[in-house]
Each structure stands twice: as structure tokens, then as C-alpha cells.
Amino acid sequence: MKLTIITPDKLAFEGEVTAVTVPGSAGSFQILKDHAAIVSTLDDGKVIIQNSQNADDQVIPIKGGVVEVKENNIIVLAEGIAEE
């Protein structure tokens, strides 16, 4: 799957992933390969990126936004990247 995380300022992440967990407005949810098409609002929280080639998860804290999943392409339009 291809994940792209974009803020108004920059491209925060782009690459191939095996799973992504996002902070949905109704609760966190995970996106896996062949996930149904969805558009959802996001709250402030952590986007957790899993990649089979890297044992450690990558975490990007966001300040709200929207996620769109369609045909194994995941686009996160975040309002900003939070300070950790």
C-alpha cells in the first residue's frame, strides 16, 4: 500500500507500508491491504506506520485532518504535525 501524509506546509511522509493506524474522530482504526474505500475525519493523535521491512513502527503525531483510502492508496491530509 502507498501512504502519503501531507500538511499545508510540507510532504510529511510518502512510501510503501503494510499497515497504518490513524486517530479517527470516532476512535482509532487500522488500515490494511485491500481496505474498503473510506473517507474519515481525524482528531489530534498519532499516525502509526508499520512496514514489514522495518521492525520498528514509525509514529507521526498529527493535528487533526482527513484520511482517504481508495485502491490501496492512503492519503492523510493533516492540519499539521504536532510536537512530541
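At a glance:
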| item | result |
| --- | --- |
| Accessible area per residue in Å² at 1.4 Å probe, computed on the chain | 60 |
| Within the chain: Cβ-based charge dipole about Cα centre, in debye rounded to nearest 20 (Lys, Arg +1; Asp, Glu -1) | 200 |
| Most mobile of 37, 19, 55 in a GNM of the chain (Cα contacts under 10 Å) | 55 |
| P(r) weight above 18 Å for the chain, C-alpha pairs, percent | 33 |
| Exposure rule at most 13 other beta-carbon atoms within 10 Å, DSSP loop trypsin sites (Lys or Arg not before Pro): the chain longest free segment | 34-84 |
| With every protein chain in place, the chain: carbon and sulfur % of accessible area (1.4 Å) | 47 |
| Among 66, 22, 47: highest mean-square fluctuation, GNM of the chain, C-alpha pairs under 10 Å | 66 |
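The values are calculated or read from the model by the stated rules, or taken from the named source; none is laboratory data. Source: prediction; values computed, not measured. No Cβ is skipped: glycine too gets one built from the backbone with ideal geometry, and neighbour counts run over all protein chains shown. With ligands, DNA and RNA removed, areas are computed over all heavy atoms of the protein, side chains included. Shrake-Rupley method; radii C 1.70, N 1.55, O 1.52, S 1.80 Å.
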